[in-house]
Amino acid sequence: MKKMTFTLTFLIAMSANIAAAVAGLVTLKPSIAVQNEQITFGDVFEGAEEKADYVIAPAPAPGKKVVFKASSLAYVARKHGLDWRPSRAISRIVVKRAGVRIPQQRILEEIRFALEDELQTGQFELSLSTQHPNIQVSTDEEQSISVASLSYSKRGNNFVAVLIAPATGPNARQYKLTGRIHRQLEIPVANRLIQPGEKITEQDLEFVLVRASKVARNTLTDPMDIVGKSPRRTLRPGHQLSVNNLGDPVTVAKGKLVTVIFKSKGIRLAVTGRALEPGAEGDIIRVENIASRKTIQAQIINAEEVHIISAGQRLANLN
């Protein structure tokens with residue numbers, strides 16, 4: 001009976017010791033992520049109990065991580081009364097901080113607003129040296145961003161912008177981004193398909209912004225140089241208008257029947273002819289006399305009438 005009592009007492013004591021050991025057991029969390037500005041024992045360990053709020057180190061920026069040596073973390077833990085020793089398989093402890101990424105479009109908008117104010121114009125494109133800037137704020141912070149400072153070089157069209165995120169608050173962090181400005185020109189382009197011979201009107205044009213580097217030297221930028229002209233080749237919507245592709249509208253099309261007028265010393269003769277080539281008002285074209293089949297030179301007066309040009313008149317037109 002005494003032996004059974006001793007055994008029962010021993011088992012109860014052992015159970016109490018095991019429970020006490022388990023109660024003080026400190027284990028490393030399998031995945032460590034923080035949301036605040038500091039890393040605590042409670043973020044890293046299970047079973048830290050009253051030591052859970054003790055700050056180990058500052059937290060990384062949102063979306064970033066920090067790496068601790070396992071041996072260094074074990075030393076700090078034991079120093080503060082936490083019995084934790086890493087296994088041989090663990091040499092580093094990675095602590096991540098949750099974050100929310102600021103959309104790239106919002107970043108570009110903020111930089112653009114600042115550049116428009118600096119340059120006093122909105123006729124430019126901008127490109128960033130970093131294609132996908134990784135600017136994040138904590139999950140409990142406002143998802144905002146602003147430009148703290150901006151510098152711009154006219155020589156290279158380069159800029160440096162210092163941004164802060166979140167835009168307000170005590171924990172705003174700075175990020176530096178660089179990029180390039182591409183100046184634009186506002187030029188007139190066709191807004192519909194325009195065939196050769198058609199007369200271009202103001203209603204046929206619209207204005208678009210194009211990078212200055214992509215505007216050809218012979219591109220027309222003044223609509224006054226375009227209206228009233230006609231394309232030599234088909235114009236497609238959105239295409240730049242060049243000097244080489246514009247001329248006067250075709251008044252007489254090739255193959256059209258016209259009245260050929262001859263005037264000399266009060267004599268006026270009229271015959272029917274066929275235009276052998278197209279031309280605008282005032283142009284001299286070749287016309288075939290329908291009756292005689294002879295080819296003559298005539299100046300276009302209007303869509304229905306041409307006047308025969310004498311040798312003297314042709315010479316005058318060349319001077």
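Which of the strands (runs of 3 or more DSSP E) found entirely inside the stretch 75-192 contain at least 1 residues meeting this: touching a residue at least 60 places away in the same chain (Cβ under 8 Å)?
Numbers: elements: 92-97, 124-128, 146-153, 158-165, 173-190.
Hits in the stretch 75-192: 92-97, 124-128, 158-165, 173-190.
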Check: If we keep just the residues of the stretch 252-311 that are assigned to a strand (DSSP E or B) and in contact with a Pro (Cβ under 9 Å, 6 or more places away or on another chain), which is surrounded by the most Cβ atoms within 10 Å (Cβ to Cβ)?
Finding: Val252
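Take the conditions of a type in the set (Val, Ile, Thr), touching a residue at least 40 places away in the same chain (Cβ under 8 Å), open to solvent by less than 30 Å² (accessible area, probe 1.4 Å) and closer than 30 Å to Ala190 by Cβ and apply them to Ile226. Does it pass?
Values: of a type in the set (Val, Ile, Thr): yes; touching a residue at least 40 places away in the same chain (Cβ under 8 Å): no; open to solvent by less than 30 Å² (accessible area, probe 1.4 Å): yes; closer than 30 Å to Ala190 by Cβ: yes.
Spelling it out, it is not the case that Ile226 is of a type in the set (Val, Ile, Thr), touching a residue at least 40 places away in the same chain (Cβ under 8 Å), open to solvent by less than 30 Å² (accessible area, probe 1.4 Å) and closer than 30 Å to Ala190 by Cβ.
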Next item on the list: Enumerate the pairs (first residue in the stretch 195-212 and under 16 Å from Ala280 (Cβ atoms); second residue anywhere and open to solvent by 30 Å² or more (accessible area, probe 1.4 Å) and of a type in the set (D, E, K, R)) with beta-carbon separation below 6 Å, excluding pairs fewer than 6 apart on the same chain, so at least 6 apart or on different chains.
Entry: Pro196/Arg232; Ile200/Lys229
Next item on the list: Could you list all residues from the stretch 193-246 that are among the acidic types (Asp, Glu) and either within 27 Å of Glu125 (Cβ to Cβ) or part of a helix (DSSP H, G or I) (or both)?
Entry: Glu202, Asp204, Glu206, Asp222, Asp225
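Would the stretch 186-203 turn up any residue that is surrounded by 14 or more Cβ atoms within 10 Å (Cβ to Cβ), under 27 Å from the mean Cα position of the chain (by Cα) and closer than 30 Å to Ile107 by Cα?
Filtering the stretch 186-203 down to residues surrounded by 14 or more Cβ atoms within 10 Å (Cβ to Cβ) leaves 187-191, 194, 196-200.
Now restrict to residues that are under 27 Å from the mean Cα position of the chain (by Cα): 187-191.
Filter once more, so that each one left must be closer than 30 Å to Ile107 by Cα: 187.
Taking every residue of the stretch 186-203 in turn, at least one turns out to be surrounded by 14 or more Cβ atoms within 10 Å (Cβ to Cβ), under 27 Å from the mean Cα position of the chain (by Cα) and closer than 30 Å to Ile107 by Cα.
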Note to self: On the basis of being farther than 16 Å from Arg92 by Cα, basic (Lys, Arg) and either touching a Cys at 6+ places or on another chain (Cβ under 7 Å) or at pLDDT 90 or above (or both), does Lys29 make the cut?
What the structure shows: no
Check: Where residues in the stretch 97-154 are within 21 Å of Lys64 (Cα to Cα) and aliphatic (A, V, I, L, M), which of them is nearest to the chain's Cα centre (by Cα)?
Finding: Ile107
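The values are calculated or read from the model by the stated rules, or taken from the named source; none is laboratory data. What you see is a predicted model; the values in this text were computed from it and never measured. Methodologically, a virtual Cβ is constructed for each residue, glycine included, from the backbone with ideal geometry; neighbour enumeration extends over all protein chains shown. Calculation scope for accessible area: heavy atoms of the full protein, side chains included, ligands and nucleic acids excluded. Shrake-Rupley method; radii C 1.70, N 1.55, O 1.52, S 1.80 Å.
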